[in-house]
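Coordinate-derived values only; no laboratory data. Since we're looking at a predicted model, the values are computed, not measured. Backbone-built Cβ (ideal geometry, glycine too); neighbour counts: all protein chains shown.
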Amino acid sequence: MAAVSLVAAAVLSGCNTRQDVGTPTGSIMVPSENALILPPPGGPAVLNVVERRSTNAIEQDIYLYTSAATPGQNLLRAKFFGPMNAKFDQQSRSSYAGVRDNRMMAEARRALPGVSLSLNPYFLQNNYGPFGYAFGRGRANDACIFAWQQIRQQENHRSPLKGYGTIQVRLRYCATGASETELLAPVYGYTITGTFGDPAWNPYGAPPPLEAGLGRTGNPIYRKEEAVTASAPVVVPRRQVQPVARREVSSVPARVEQPVVAPAAVTSIPVPQPDGTVSVPQTDTATRPLPNVIVPAPACVGQQAGGACP
């Protein structure tokens, strides 16, 4: 009877046990300031960060501001291979795959479906070393790139005790009306802020040596003038500015052409003469009008001297 009571109590205690809802996949949201890589100050802005941890790596998807018409989300992905905390030993191990152009182009087409991408044929590098990218045109007036970079020391400088570690970076970025150079600004300007606590973890390699003349006598260093960029406004001295005459436009009525009227033919007027004959004056009616003609009054026949005509 006592055994039956113990079994019943165990069953009842098991039914009363409650556990919180969790995320068994290992993905968690972290604050934006905990991003392992930050874009340059000019943007694009960080929206949120999703983090995944495994036994040998930590990976973050840093979602960026997107306003383009091309489907998909702008994304900066960072993967750090290094010594993880012992509490992650029970989780799966992240696989390592080297950076190759054919493998990266396959990733680019998955990240930008429907976009015709072309591989950049030139050697380029930012503050962390060489990188590659593919460029294409998206929907409407969008321009898109998919860039990749691996930061890792050369094999002859790596060992399990010093200089080990790898950082892999991917960038999927589309913007409306942007040029290829503008899309590369986040690749040149992003900053890696994450690191491991182990001092032997160093994927960057040894710092470059100083210049031979730095700090030595007889090697002066002069201040360099900053070059004027295309975006900087050009200041023109006032004395070089030529005044521009102000033009005032007033409404002027259209000129109306008067029709040319040919002079009418003038009929010759017979002019009586004192001797009783009548003469017709000859005039040039084609070129000029006739002058005023004064016709004298006819003399009265049989009129006496000083008398008036009836």
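Summary of computed values
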quantity	calculated
Within segment 112-208, chymotrypsin sites (Phe, Trp or Tyr not before Pro) in DSSP loop having at most 12 other beta-carbon neighbours inside 10 Å	Tyr122, Phe123
Dipole magnitude of segment 57-130 about its Cα centre (Cβ charges: Lys, Arg +1; Asp, Glu -1), debye to nearest 20	120 debye
Difference of contour (0.36 nm per residue) and Cα-Cα distance, Leu210 to His157	17.1 nm
Cβ charges +1 (Lys, Arg) and -1 (Asp, Glu), total dipole of segment 136-202, debye	160 debye
Reference-scaled alpha-carbon Rg (2.2 N^0.38 Å with N residues) for segment 90-146	1.39
Lys, Arg +1 and Asp, Glu -1 on Cβ, resulting dipole of segment 172-226 about Cα centre, debye, nearest 20	160 debye
Inter-site label distance for Ser32 and Arg137 at 7 Å from Cα along Cβ, in nm	3.3 nm
Förster radius 22 Å - calculated FRET efficiency between Gln73 and Ser95 (Cβ-Cβ, nearest 0.05)	0.40
Gained length - Thr181 relative to Arg103, 0.36 nm times residue gap less alpha-carbon distance	25.7 nm
